[in-house]
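Since every read-out is calculated from the coordinates, none of them should be taken as a lab result. Values in this document were obtained by computation on a predicted structure and should not be read as measured data. Glycine also receives a Cβ, built like all others from the backbone with ideal geometry; neighbour counts cover every protein chain displayed.
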């Protein structure tokens, strides 16, 4: 077991603490979190992932729809300075990434920010954080799966000249009856995950390599049409435009935290998790800036639109052939499939951790002895997300992914500060520099971006939180494993 030093015994960490307030604020000691990570009641996850696989998980969850879709939305706001917007958005994500890196190395367990909040801010806050992650990952899988179907149609049209009819490629309310491609890509991801963490990580690594090659291919071809004159007026809309585009582009970085959900499946989690998080963010930022620079150089910024196929259109303009655009569409299909795989993976691991703590039903923490994966959990989550993507028009609900993510990021920044105060002598393989200044900045940036989201997004978030709190007070609080020692002690006292 890891040597973290002796934890202080406080009313919040003492399971025998009485009173509703104490029960809501009870914290799970880091040592217990780590210890249970190696011997869960339903079985333990298998440690099989190295630094490379963990980095690919983070890149796989991040590098997808963002660069293929959002670039066309951001260029009209910032002009050629969109490259600077990508850097600003990356720096914004960096503040939270630093906090994730410290906590992932200090508390190397499944559950990501849910587990970090449990160790620092108490059970109720941990539940809220976990419930946000369920929203983030669940809606994200569904939304990305829908996007995959659109790119699949584009690929089929460019290769064999046919497309899937609207009735079978769009959900009710969006001109269809059932979105079959969206369901299929989720079921495909489920099949990989059921094979085991190492096997799904291997498949993800191949898909990530393909989409990186596709983006580098775009850069190589785009450079042939590069016109330096497109950069003559670098910041035509001023710094306000650069900032507005940066806020839009921030959501292209969501996903770097996926590696933190693999804390119990990493071979050397304390060393590799912080490295994987930071390395993935650097690689993704470099690719984003490179692709944006080439795209603006190859097409005047005023000619960009909200088209989902901005990159494919540029390749077609430069070469005069549709072949390269079709090839890029193939890369996009693979890119989005890897996002579905890695985000679905993160969803199952968060629910695994919550189930092991007793806050959700035990079925989510049962591990299959052969594959070392939570199979029932994976099937339930996959079917739910697949049906959500196929049968329900998401629309603005997709923005719920953003608000759930930002809320979790904000809590992680606070958790770093709390753990530094409560456990200053605990072993840390990575430390956020200039703490608490950088975590406070990260927290503030998350709140600022949450404030920029629409009213309907906040309403959806509020309803989701209300449902979660009802579930917690009716089920989770009473079945929490932290409550069991207290109940046993009270029973002994009455004898």
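Some observations on this one:
- In degrees, nearest ten, helix 269-298 long axis to first principal axis of the chain (Cα): 20
- Packing rank of 194-203, 122-131, where each peptide gets the mean count of other beta carbons within 10 Å, highest leading: 122-131, 194-203
- Projecting label points 7 angstrom from Cα along Cα→Cβ for residue 387 and residue 217 puts them 3.8 nm apart.
- For a paramagnetic label modelled on residue 20 (point 7 Å from Cα along Cα→Cβ), amide N atoms under 18 Å away belong, within segment 111-125, to 123-125.
- Cα→Cβ-extended label distance, 7 Å offset, between residue 166 and residue 178, nm: 2.0
- FRET efficiency for the residue 469 to residue 379 pair, using the beta carbon distance and R₀ = 41 Å, is estimated at 0.90.
- Using only alpha-carbon positions in segment 227-323, the gyration tensor eigenvalues give semi-axes of 34, 18, 12 Å once each is multiplied by 5 and square-rooted (largest first).
- 0 to 90° range, to nearest 10: angle between helix 483-494 axis and the chain longest Cα axis: 10
- At 1.567 mPa s and 4 °C, Stokes D of segment 55-108 from Kirkwood alpha-carbon radius, µm² per second: 100
- Computed lengthening from residue 452 to residue 187, 0.36 nm per intervening residue step minus Cα-Cα distance: 92.0 nm
- Helix-only [θ]222 nm of the chain, DSSP H runs n ≥ 4, -39500 (n - 2.57) each, per residue, nearest 500: -21500 deg cm²/dmol
- Between the Cα long axis of helix 180-194 and the first principal axis of the chain there is an angle of about 50°, rounded to the nearest 10.
- Segment 234-255-segment 66-141 distance, computed between alpha-carbon centres (Å): 17
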